[in-house]
1. Within 16 Å of ligand 1 (Cβ to nearest atom), surrounded by fewer than 14 Cβ atoms within 10 Å (Cβ to Cβ) and hydrophobic (A, V, I, L, M, F, W, C): which single residue out of A43, A87, A72 fits that description?
2. Could we say that Y67 is under 30 Å from D108 (Cα atoms) and touching a residue at least 40 places away in the same chain (Cβ under 8 Å) here?
3. From Y54, Y105, Y113, grab the single residue that is closer than 30 Å to D36 by Cα and either of a type in the set (F, W, Y) or exposed (fewer than 13 other Cβ atoms within 10 Å of the Cβ) (or both).
4. Which one is nearest to the chain's Cα centre (by Cα), of the residues in segment 21-56 that are more than 24 Å from T10 (Cβ to Cβ) and touching a residue at least 24 places away in the same chain (Cβ under 8 Å)?
5. Every residue in segment 90-110 that is touching a helix residue (DSSP H, G or I) at 6+ places or on another chain (Cβ under 8 Å) and within 12 Å of ligand 1 (Cβ to nearest atom), please.
6. Tell me, please, whether a residue that is at pLDDT 90 or above, among the charged types (D, E, K, R) and surrounded by 10 or more Cβ atoms within 10 Å (Cβ to Cβ) can be found in segment 27-38.
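The values are calculated or read from the model by the stated rules, or taken from the named source; none is laboratory data. Computed from a prediction, not measured in an experiment: that's the story for all the values here. Methodologically, a virtual Cβ is constructed for each residue, glycine included, from the backbone with ideal geometry; neighbour enumeration extends over all protein chains shown.
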Amino acid sequence: MNPPLAECRTTVEYFVQCQQPDGTWEQCSSTAIDLDFATERLAARRRMQPEFEYRIARRTTTVVVEYAADNAGCAECGHPEDQHAEADEPVSVGQCRQCAADPQYEDDSWHDYEPREA
Ligand SMILES: [Zn+2]
Ligand SMILES: [Zn+2]
């Protein structure tokens, strides 16, 4: 019932790889988020040691940090109270903005904030 709260970060880094005698490739520069910077490193490496093979590699790292909703979250969906809009009239219900923004939970977004049992 409670959607996991998650934070997602993607990092793209470039670095130079050098071919080893056994044919494998190993990282031989520090990583840079700037492709131009890595390309300059590659050119410098080729100038210094033209007898080796070099190439640029790209590494994409996705970090997902998940955390459980604490007791301050809504009993219905786990989102914080300030994400819940107030009902306009006594007969209508409020809506959770975070649920509404997620297609998976959109249908369940229409509910008032409900405090959890202590
Ligand atoms: Zn809720
Ligand atoms: Zn919600």
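1. A72
2. Against the criterion (under 30 Å from D108 (Cα atoms) and touching a residue at least 40 places away in the same chain (Cβ under 8 Å)), Y67 qualifies.
3. Checking each option against the conditions leaves just Y54.
4. C28
5. C96, R97, Q98, C99, A100, Y105, D108, S109
6. yes
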